[in-house]
């Protein structure tokens, strides 16, 4: 792993209990209306976009706006606003999940084939940091449980890639989605499909 990446991993994810901000400080930085983001009991003045799919978020957000502004919007306006959503808006839960998985699988197939002990530890800390700071709180708690039951396998590129694939397939199963064939990880995330369709 390059020294640049090593520095980033160290600065972001060299976590210990002493480096995590106290729960009370996290709570003080948020208003007290909506459950929001990372950490138990955090609140925010608006619904958590990263904690919900877009349709749920827009409905919740619109309900809040209606209370504040005492306005009514009909179903046609709702569907029009969904159809006209900008492409540069904050990610909802589904978009966040897709983008996160893309990053994690890509990292895993570029991970060193024979990582040093330090690189293995950095990756474990990265995974712990992700489980702690992932914006969707229920997703983060679920991931914390999963990595407790099946700790990260960081010994080789192959072991890490397969570990992430198992984690992703567990999420897919919970969501009723199709399982990914873990034998095709490198085609999907590194080399491109064998039929040349990515070339």
Residue 143 being part of a helix (DSSP H, G or I) and in contact (Cβ under 8 Å) with a residue 40 or more places away in the chain = no
Qualifying positions in the range 129-141 - at pLDDT 95 or above and surrounded by fewer than 16 Cβ atoms within 10 Å (Cβ to Cβ) = 132, 133, 141
Residues of the range 180-190 being surrounded by 12 or more Cβ atoms within 10 Å (Cβ to Cβ) and without any contact (Cβ under 8 Å) to a residue 12 or more places away in the chain, in sequence order, are 184, 187
Could you give every pair whose Cβ atoms fall below 8 Å, whose first residue belongs to the range 107-127 and is at positive phi, and whose second residue is part of a helix (DSSP H, G or I), counting only separations of at least 6 or pairs across chains?
-> none
Only one of 156, 117 that is over 17 Å from the mean Cα position of the chain (by Cα) and surrounded by 15 or more Cβ atoms within 10 Å (Cβ to Cβ) | 156
Considering every residue within the range 167-181, establish whether at least one is assigned to a loop (DSSP other than H, G, I, E, B), in contact with a helix residue (DSSP H, G or I) (Cβ under 7 Å, 6 or more places away or on another chain), under 14 Å from residue 97 (Cβ atoms) and in the same structural domain as residue 114 (by TED's automatic domain parsing).
-> yes
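The values are calculated or read from the model by the stated rules, or taken from the named source; none is laboratory data. Please read all numbers here as calculations on a predicted model, not as lab measurements. Cβ atoms come from the backbone with ideal geometry, glycine included; neighbour counts cover every protein chain shown.
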